[in-house]
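Q: I'd like to ask some things about the structure below.
The values are calculated or read from the model by the stated rules, or taken from the named source; none is laboratory data. Remember, predicted model here, so these are calculated numbers, not experimental data. All Cβ positions, even for glycine, are placed from backbone atoms using ideal geometry, and neighbour counts span all protein chains on display. When the accessible area is computed, the model is the full protein with side chains, heavy atoms only, and any ligands, DNA or RNA have been set aside. Shrake-Rupley method; radii C 1.70, N 1.55, O 1.52, S 1.80 Å.
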Amino acid sequence: MKKLLLTLAISLTGIMSFAQPDDELTPEEKAYRDSIANLNETNAAIEKSQNAYNAGIELFKQEKYEGAINKFSESIAADPNFTPAYYNKAIAENKSEKYGQAIKTLDALIAKKPDYSKAYFQRGRAYQGKKDFLSAEKDYEKSVALDPKNPKAYYNFGTLQFLQKDYESAIIQFSKVIELDPNNAYAYNDRGSCYRMLEKYPQAVKDYEEAARKNANLAFVLNNIGTTKTKMKSYEDALKDFNRALSIDAKFYLAYNNRGVTEMKMDRYTDAIKDFTKCIEINANYAPAYSNRAGAYFKNGEYAKAKADADKAISLDKNFADAYVNRGMAKEMLRDLEGACEDWHKAKELGSELGKSYKASNCSN
Amino acid sequence: MKNLLSIILLGFGFTVFGQDVEFKAANFKDDKDGFKTAKDAFDAGSEDWELGNEAVFQVQDPELYYWKALKNFEIAYKFNPNSAELNFKMGVCYAHSSYKQKSIAFFEKAHELNHDIHPFMDYYMGLAMQLSYKFDEALRYYQTFEAEYKKADRFGKFVKQRKLECTSGKKLHADPIRAWVDHVPELSTEYNDYAPTVTMDGEEMILTSDRPNEHTPDEVGRYDDDIYTSTMVDGKWQKAQPIKGRVNTEKDDISNNYSYNGTKMLMCKVNSAGNFDIYETFLKGDTWSEPIGFSRNINLKSNDIYASYNFNDKLIYYSKDKDGGQNGFDIMVSGVMNRKNREYGLPNREMSVSSNFNDGPVYLHPDGKTMYFASEGFNSMGGYDIYYAKKEKSGYWGKPVNMGYPINTPYDDFFFAATANGKYAYIASNREGGKGGYDIYKAIFWGPEKDPALATQDYLLASIAKPIQDPELAAEVKVTTSANLTVFKGKTLDALTKKAVEAVIEITDNKTGKVTEKFTTNSATGKFLISLPSGGNYGIAVKADGYLFHSENFDIPSGSAYNMVNKVIELKNIKIGSKIALRNIFFDTGKSALRPESNAELDRLVKLMKDVPSLKIELSGHTDNTGSAQGNVKLSQERAEAVVNYLVSKGINKSRMTAKGYGSDRPIASNDTSDGRQENRRTEFEITGN
């Protein structure tokens, strides 16, 4: 390419140097001149496309996805056949949750490269983001068929099935990932979560423990072990796991919240209040911690504090059923049964069984 | 020095102030006339006071004697408030009245003036301490009294009971139950307001009060008891009004218990012989009928009071005092033998809920398994306490359980009028903090301890940054474990005019085919109120003169402990063109053979056809729009014919009926929803001639 360009440049210089008026050129000469000009334009466009593409990658690395998308778009506009620009643009669009755009970009890419496994994988992700699970499933299946050795498609396929609560199928996908990539801690974690949702807690803990062995720095895995052991009523063990999670990541607010819940189950309300407070210190906008602390204050008989916390939780998340349940309980003890019943009714509307039960047994004559 | 003098003077002054000033002429040389009047009053009062004491020993009502005594004692007290004996006697009078709290100051003053004034001083100081929730001090006074009281009379049983009350009072007070007890000022006065009974929806109350009325007060200024009613409007009880009808008389008329549907009421009133008997009055519109007594088996020579219906209206529980007995009122039960003649069988004493002291009032919960009753015996905190007892498998009532503080106090706490959901109950009490005498209180039960909803979140999927709420971690649901009943209330109205219609309602349990309830709705309001076991499927048939009978089928879901179903039933005049859906006719899916549980409904239709021989009807079958139109028409035609054939088999002339299958051509609701489709699948009849 470089040689060609040089040759063309020299020729062009020659032509320019000895430029003749149009009417002095023969038709053959005109045609030649035009083809050269056209080639020059094309090469300039390719260059422009490639520069934009590289700039896009740089911006992507800086997590400036909007800028990256613009650059990849420039790249495509300059050279519509430059397929890597489509692919990267789609990834940036997925990253910035512009799933509709990503799907369009990938449609165009797949039209150009119908056997490109990764394109299907990314479009699957985009459909998943749009919650069009059926289309996502088809794309993942296609991706797996085109590239059966790529664990990523199996993995995403598994997460998709998990989100659709098809845990048994998800286990198959995650098992395949583990088969292809035996050190994939995420796959162990996610398969563990499938077992957990199927209430097969010992198997869940076994997978989570394996995930922790594959990657000792994943605090969320230890947190998952803690909450699973809480479900198994092994509260003391659960506390140890939360402690391990927090030793890895002292700012992991979910672990404080979840440890607080375990302490609630152990009737250690003061400890629970401390943990929920710590969680709020780290993430002041985390509604569940306020709602849970409301529950702990309630158990401690501090009803005004309980109500204030539940109020805060609701102000952060107007559709948080648990917070309405807890605020109703606090209101009842503050002698506002009418307000309590309104809250339980709201909780019931939001799907809370507890809200339904409290309303049924307290709010009619 | 000056200070020391002040202290001495103060001490002296206190001694003088604290000195017992007896009713002796020598103490009142300066006012002989005043002394004579006061002394006469003191002596007259003391005579009645002694009679009152006698009644106490006999576990009989001493109140009138004591009020008479108090009337005189008040005169004496104005003249000389520093007599230990007078203070003691006035304390005794109040201690045995509904104004017990007033006794405390008198006993304390008597004790301060002269703690040896009466052999019973320690006993009544014990009572004063008990009423002040000072159970340990009370117990010490009772023990001192017991050690010094040498008479071998029946008073020992009272002391024993008081001591038991201190032990249980201390325990119950230290461990309150999960309830609030609130004074209801709208229903209470400075007089005695008691005997509350509420409809199961908690919206109507009947109570008794000796507040001033248009009758003549007795010799001590007390008015007779009359029965009042109040309605709950926007959560507030309205001012109680005397109940309408010929119920209240110049003698005591005392409300007992509503029937569960609120259409009749048990009450007690004084008969011509001067004893209390049990009566029944019926609600017609907004007016109560003249009370009717029960047969001699219930209304014996004794006092028979505070009666309650049981869940199936076959038994009456009440309290009876045995003539010449010394154990006060006992709880009795009597079963209906001939309802038409109002004959009841010989009553039996309910042994396990009757103590050696006064027992009753009693209230039978509609669950058929729970009795609430008051008693001065058992492990009371003092005075009457409210207990409950559960019916055991043997059929006997189990051991009474004290309902605990703050339902109960060392004062009199009695009557128990519960609403259907078990959340609220009304009681009467003369505890501290009321307006005076017995007042109405509302108990609000918190129910089982509530667990908060706790939310945990995890990164269940490693690749998804946004945490996923774990739906499985919602706290366990605790359901109230008491009776599973649903309040079924509503009214019957004219479909066109919306005016109340008095109608007869029959409720059939479709599982058994048996009629479980039959009652008449209120003529003035059309209202009715009953309770039904949850978790069943019921047929309701409503009949009223001149109206087309109404039929409906409904489920009462089980699950939550208590529910309320509210139904407005609109009745149609029988005129040509009226259409009615028969909701309790059942076929197997896709078939036209009638299922046996349809018989009750069909028989009602047979009865209607026989009752109105001129009636001509078209029986029509209707389906929803699922399946082929042709198939639907065929099936609905066959079903309509099946109904006609049934009626023919029961003797209805075929010429009065036509059968028509409309398939899905005449929907009455949208076929887009399952509820709508269910509405559309129906058997209907239209009056074509009359």
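Q: If you take the charge dipole of chain B about its Cα centre, with +1 on Lys and Arg Cβ and -1 on Asp and Glu Cβ, which of B:260, B:174, B:410 is farthest toward its positive end?
A: B:260
Q: Search the structure for amide H atoms under 5 Å from the amide H of residue B:460, placed 1.01 Å from N in the peptide plane, and list their residues when 5 or more places away or on another chain.
A: Residues meeting the amide H criterion: B:468.
Q: Still on this model: Expressed as cubic angstrom per residue, what is the convex hull volume of the alpha carbon set of chain B?
A: Expressed per residue, the convex hull around the Cα atoms of chain B is 251 Å³.
Q: For segment B:133-182, run through the trypsin sites (Lys or Arg not before Pro) and keep only the ones in DSSP coil with at most 16 other Cβ atoms within 10 Å of their Cβ.
A: Counting only loop positions with at most 16 other Cβ atoms within 10 Å, the trypsin sites (Lys or Arg not before Pro) in segment B:133-182 are B:150, B:151, B:154, B:178.
Q: Of all GluC sites (Glu not before Pro) in segment B:196-259, which ones are in loop regions per DSSP and have a Cβ with at most 13 other Cβ atoms within 10 Å?
A: Counting only loop positions with at most 13 other Cβ atoms within 10 Å, the GluC sites (Glu not before Pro) in segment B:196-259 are B:214, B:219, B:250.
Q: Per residue, what accessible area does the protein assembly as shown have, given a 1.4 Å probe and all protein chains present, in Å²?
A: 47
Q: Just need the relative contact order of segment B:518-629 here, percent rounded to a whole number, with Cα pairs under 8 Å and 6+ apart.
A: Value for segment B:518-629: 16 percent.
Q: For the protein assembly as shown, what does -39500 (n - 2.57) per DSSP helix run (n ≥ 4), summed and divided by total residues, give at 222 nm, in deg cm²/dmol to the nearest 500?
A: The per-residue figure over the protein assembly as shown is -14000 deg cm²/dmol.
Q: Additional query: Have a look at A:94, A:292, A:54 and tell me which one the Gaussian network model of chain A (Cα, springs below 10 Å) gives the largest fluctuation.
A: Largest GNM mean-square fluctuation: A:54.
Q: Shifting gears a bit: For the protein assembly as shown, state what percent of all Cα-Cα pairs lands in each successive 20 Å bin, counting from 0 Å until the bin that includes the largest distance.
A: Distribution as computed: 10, 26, 27, 21, 10, 5, 2, 0, 0 percent.
Q: Equivalent-ellipsoid semi-axes (√(5λ), Cα gyration tensor) for segment A:33-148, whole Å, largest first?
A: 28, 17, 10
Q: When all alpha-carbon pairs of segment B:329-440 are counted, what percent fall beyond 25 Å?
A: Counting every Cα pair in segment B:329-440, those more than 25 Å apart make up 26 percent.
Q: Just the Kirkwood number for segment A:285-365, please: inverse of mean 1/r across all distinct Cα pairs, in Å, one decimal.
A: Taking every pair of different Cα atoms in segment A:285-365, averaging 1/r and inverting gives 11.8 Å.
Q: In peptide A:347-358, how many Cβ atoms from other protein chains are near each Cβ within 10 Å, on average?
A: If you average over the peptide's residues, the count of other-chain Cβ atoms is 4.
Q: Here is a follow-up. Under a GNM of chain A (C-alpha, springs under 10 Å), which listed residue has the highest mean-square fluctuation: A:146, A:354, A:180?
A: Of A:146, A:354, A:180, the most mobile in the Gaussian network model is A:354.
Q: Mean separation of Cα pairs under 8 Å and 6+ residues apart, divided by the residue count of segment A:38-81: what relative contact order is that in percent?
A: About 45 percent, as a whole number.
Q: Assign unit charges at the C-beta atoms only (+1 for Lys and Arg, -1 for Asp and Glu), then state the dipole size of segment B:501-649 relative to its Cα centre in Debye, rounded to the nearest 20.
A: Dipole magnitude for segment B:501-649 comes out near 180 debye.
Q: Could you tell me which residue out of B:365, B:380, B:305 lies farthest along the dipole of the protein assembly as shown toward its positive end? Charges go on the beta carbon: Lys and Arg +1, Asp and Glu -1, centred on the Cα centre.
A: B:365
Q: Any idea what angle helix B:101-113 forms with the longest principal axis of chain B, computed on alpha-carbon atoms, 0 to 90 degrees, nearest 10?
A: Once rounded, one gets 20 degrees.
Q: So, one more: Using only Cα atoms, locate the centre of segment B:163-187 and the centre of segment A:224-286, then give the distance between them in Å, rounded to an integer.
A: Taking the Cα centre of segment A:224-286 as reference, the centre of segment B:163-187 is 40 Å away.
Q: Quick one: what does P(r) look like for segment B:576-690 with 5 Å bins over all Cα pairs, in whole %?
A: 2, 13, 23, 26, 19, 11, 5, 1, 0
Q: Which of the listed residues, B:110, B:194, B:530, is farthest toward the dipole's positive end in the protein assembly as shown, when Lys, Arg count +1 and Asp, Glu count -1 at the beta-carbon?
A: Result: B:530, furthest along the dipole toward the positive end.
Q: I would also like to ask the following. With a ≥ b ≥ c the root eigenvalues of the C-alpha gyration tensor of segment B:179-445, is it rounded (a/c under 1.5), prolate (a/b larger than b/c) or oblate?
A: rounded
Q: A further question on this structure: When N is the residue count of chain A, what does its C-alpha Rg come to as a fraction of 2.2 N^0.38 Å?
A: Here the answer is 1.45, to two decimals.
Q: Taking every Cα atom in segment A:116-212, find the radius of gyration and the maximum pairwise distance Dmax, and write them in Å.
A: Over segment A:116-212's Cα set, Rg and Dmax evaluate to 13.0, 40 Å.
Q: In addition: Calculate what fraction, in whole %, of the accessible area of segment B:21-122 sits on carbon and sulfur atoms when a 1.4 Å probe is rolled over the protein chains.
A: 50
Q: If you don't mind, another one. In debye to the nearest 20, how big a dipole does chain B give about its Cα centre with +1 on each Lys and Arg Cβ and -1 on each Asp and Glu Cβ?
A: 2440
Q: Taking Cβ-Cβ under 4.7 Å as the only way to count a partner, pick out the unpartnered cysteines of the protein assembly as shown.
A: A:194, A:279, B:93, B:166, B:268
Q: Can you tell me what the convex hull of the Cα atoms of segment B:20-174 projects to on average, as an area in nm²?
A: With the hull built on Cα positions only, its mean projection is 8.9 nm².
Q: Given charges of +1 on the Cβ of Lys and Arg and -1 on the Cβ of Asp and Glu, with all other atoms neutral, how large is the dipole of chain A about its Cα centre, in debye to the nearest 20?
A: Roughly 1260 debye for chain A.
Q: Kindly provide the GluC sites (Glu not before Pro) of segment A:150-200 that DSSP labels as loop, not H, G, I, E or B, and whose Cβ sees at most 14 other Cβ atoms within 10 Å.
A: A:199
Q: Shifting gears a bit: Could you check which residue among A:310, A:111, A:255 shows the biggest mean-square fluctuation in a GNM of chain A with a 10 Å Cα cutoff?
A: With Cα springs under 10 Å in chain A, the top fluctuation among A:310, A:111, A:255 is at A:111.
Q: Right, here's the next one. Gap in Å between the Cα centre of segment B:288-349 and the Cα centre of segment B:376-418?
A: Here the answer is 21 Å between Cα centres.
Q: Could you state how much accessible area is buried at the B-A interface, both sides summed, with a 1.4 Å probe, in Å² to the nearest 100?
A: 4100
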